[in-house]
Amino acid sequence: MLKIDVLFDVFWEDVTPEERMPKIAECGYKYVESWLGGDAEQLKSIGQACKASDIELVSIVMNFATDDAVAPVRADCLDAFLARIDEYSDNALTAGCKSGIVTSGNIFDDISLDDHKMNLTEAMRRAGELAAKKGFRLNLEPLNTLVDHAGYYLDCRQTAVDIVKDVALDNVKILYDVYHMEIMTGNQVDFITKNIDYIGHFHSAGVPGRHELYNGETNYPFILDAIEKTSYSGYFGLEYMPLLESGESLRKTLDYLQG
């Protein structure tokens, strides 16, 4: 059974993250994730708020696409990238979270595309080995470069799978974002089912616009049904920008996905 989780950063932005947890629980969710990761004390406090509402924090972001100083596509950033993974995984574990999202970084003109891939593969291998010692998992995320992330290196889902295969670590997989890959490629179910063993987490949003899942061209119930028929039993994250009031949006989205 898929575990549907909520990116709490974009809901009820007028209250603290801690105050959002009971609201999310009231909407029927048991799992959350966050773009946060750099503040250990904040994550610890969020983790305590999650526990109080019988919610689990399941993923954080380890680095953003624009974090050039720790971009894993650059060999000269490897030490800084590994230090980031080490620090943020410790922060996450303090909050009871055992998984983090990694972005590749943008394309750099002074590096060939082949070197981008080679550097990223080595960085993910080293980071995966480091994280594995802590029981922590990493999910490498391809993003779309047509709407949201122009200049990002890893916009091909097959390249992401190839990197995960080359890394060959059980705790390193890809984050498959249905929204991003709908924009880049489409043909979702065929790719997902053929590569499910390399997928460690899902994200979703409506296409176009990145709003509620039921407002768009993507048939999410059909996709979820296909995933349910595979061996995958992990998390399916809601990473969309709500147009409705947060509570109404989350309840309506859950009804849409489960109905």
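The values are calculated or read from the model by the stated rules, or taken from the named source; none is laboratory data. Treat the numbers as computed from the prediction; the structure is a model and nothing was measured. Counting neighbours? That spans all protein chains shown, and the Cβs are built from the backbone with ideal geometry, glycine included. All accessible areas refer to the heavy atoms of the entire protein, side chains included, with ligands and DNA or RNA removed. Shrake-Rupley method; radii C 1.70, N 1.55, O 1.52, S 1.80 Å.
Taking segment 29-145 as the region of interest, the helices (runs of 4 or more DSSP H) fully inside it that hold 2 or more residues being touching a helix residue (DSSP H, G or I) at 6+ places or on another chain (Cβ under 7 Å), closer than 28 Å to residue 182 by Cα and among the hydrophobic types (A, V, I, L, M, F, W, C) are 113-132.
Scanning segment 216-236 for residues that are of a type outside the set (A, V, I, L, M) and in a helix (DSSP H, G or I) yields a count of 5. All of 228, 245 fail the test of being without any contact (Cβ under 8 Å) to a residue 12 or more places away in the chain and either among the acidic types (Asp, Glu) or surrounded by 17 or more Cβ atoms within 10 Å (Cβ to Cβ) (or both), apart from 245.
Scanning segment 150-182 for residues being touching a residue at least 40 places away in the same chain (Cβ under 8 Å), closer than 14 Å to residue 73 by Cβ, assigned to a loop (DSSP other than H, G, I, E, B) and touching a helix residue (DSSP H, G or I) at 6+ places or on another chain (Cβ under 8 Å) gives a total of 2.
Restricting attention to segment 28-39 and to residues that are modelled with pLDDT of 95 or more and hydrophobic (A, V, I, L, M, F, W, C), the residue that is least open to solvent (accessible area, probe 1.4 Å) turns out to be 32.
For every residue, the table says whether it meets (1) open to solvent by 10 Å² or more (accessible area, probe 1.4 Å); (2) of a type in the set (A, V, I, L, M, F, W, C).
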| site | (1), (2) |
| --- | --- |
| 175 | no, yes |
| 180 | no, no |
| 184 | yes, yes |
| 189 | yes, yes |
| 194 | yes, no |
| 198 | yes, no |
| 201 | no, no |
| 210 | yes, no |
